[in-house]
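All remarks here apply to the structure that follows.
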Amino acid sequence: MAIAELHGKHLEEDLLTSDVFGAFKYLPPSLGLLPFLAKAKPFVEDAPPLSCDAGDASYYFWPRAGRREPDLLILLKPTTLGAANALGPPSALIVEVKYHSPKHNLFNEDNSTNEDASEDYEFASTDGDQLADYFCALLKGKITPTAGSRYVPSGMPSSRRKRLLDGAELLQSIPSERKYLLYVTAHYAMPIEPDIRETLTSLSKNISREHQHQLFWINWQSAVATLEALLRDPASTLSDTQLELICDTLSLLVRKNLTPY
């Protein structure tokens with residue numbers, strides 16, 4: 001995918017994000033993204049599963065969160081519900097991915113700032129935990145969607161231009177209970193120590209127990225399981241182009257040894 005290059009990203013982790021979530025971007029949510037999200041595990045053991053009713057999804061790679069830069073913001077727009085054709089609430093998902101690197105926290109254990117922090121750091125109350133920062137930014141509506149260096153023809157209908165370029169208005173309309181964080185790593189089991197524990201400890205000072213139920217982890221290996229299941233589904237109606245996209249993405253993940261046991 002060219003998404004990483006359009007954003008000036010060249011690290012292996014960024015390219016992986018671009019390739020895998022780029023593949024989900026070009027598939028209907030019901031075929032790729034939603035089955036993938038259904039495999040996510042909550043940070044809090046008794047939390048309900050991640051469930052989003054989405055007929056459409058908009059992807060904003062490397063949005064801004066103050067001085068921070070999450071890997072991806074996904075805005076999920078639901079399918080039509082009910083006899084009156086009323087729409088349910090949309091959802092927002094902030095995604096942070098890791099491959100070989102650890103979490104990038106901005107504060108040391110003694111609460112003194114390091115070289116990446118600043119005096120006016122907006123999310124200092126979270127102790128600088130990377131995931132806590134991103135989720136607090138999402139709850140507070142402090143995420144700025146970006147479109148990258150996207151070329152949009154001048155003759156494109158205005159409604160389509162707005163969909164491509166403007167996610168800020170939709171994000172502000174999403175209620176806090178429909179905002180989620182997804183942490184993607186290469187671990188075979190949830191990295192409770194220290195990653196998850198640090199984030200929950202940081203957030204416990206600032207958000208409710210209910211909001212802590214909106215934090216989820218998944219691994220890259222689950223993307224392989226999702227895409228392989230799609231290929232094996234006899235009822236699927238994938239086009240030749242979609243088949244090529246899925247097979248290329250699977251080849252990449254297998255090459256990086258990101259396969260299930």
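The values are calculated or read from the model by the stated rules, or taken from the named source; none is laboratory data. In this text, all values refer to a predicted model and were calculated from it rather than measured experimentally. Virtual Cβ from ideal backbone geometry, glycine too; neighbours counted across all protein chains shown. Surface areas here come from the heavy atoms of the whole protein model, side chains and all, with no ligands, DNA or RNA. Shrake-Rupley method; radii C 1.70, N 1.55, O 1.52, S 1.80 Å.
Screening the candidates L231, L203 for the property of being open to solvent by less than 10 Å² (accessible area, probe 1.4 Å) and either touching a residue at least 24 places away in the same chain (Cβ under 8 Å) or more than 22 Å from S51 (Cα to Cα) (or both) yields one hit, L203. Within segment 41-55, residues that are closer than 21 Å to W220 by Cα have Cβ atoms under 8 Å from residues that are open to solvent by 60 Å² or more (accessible area, probe 1.4 Å) and in a loop (DSSP other than H, G, I, E, B) in these pairs: P42/P48; P42/P49; P49/A38; L50/A38; S51/A38, counting only partners at least 6 apart in sequence or on another chain. State whether the residues of segment 125-147 include one that is modelled with pLDDT under 70 and part of a helix (DSSP H, G or I). Checked segment 125-147: at least one residue is modelled with pLDDT under 70 and part of a helix (DSSP H, G or I). Within segment 254-261, identify whether any single residue is surrounded by 18 or more Cβ atoms within 10 Å (Cβ to Cβ) and in a loop (DSSP other than H, G, I, E, B), and answer yes or no. Yes, segment 254-261 has at least one match. Note on segment 171-196: residues that are surrounded by 17 or more Cβ atoms within 10 Å (Cβ to Cβ), in a helix (DSSP H, G or I) and over 15 Å from the mean Cα position of the chain (by Cα) total 2. Among the residues making up segment 202-253, those that are within 18 Å of the chain's Cα centre (by Cα) and assigned to a loop (DSSP other than H, G, I, E, B) are H213, Q214, W220.
Filtered by the rule that a residue be at pLDDT 80 or above, out of contact with any Gly (no Cβ under 6 Å at 6 or more places or on another chain) and not charged (D, E, K, R), segment 62-88 gives W62, P63, A65, G66, P70, L72, L73, I74, L76.
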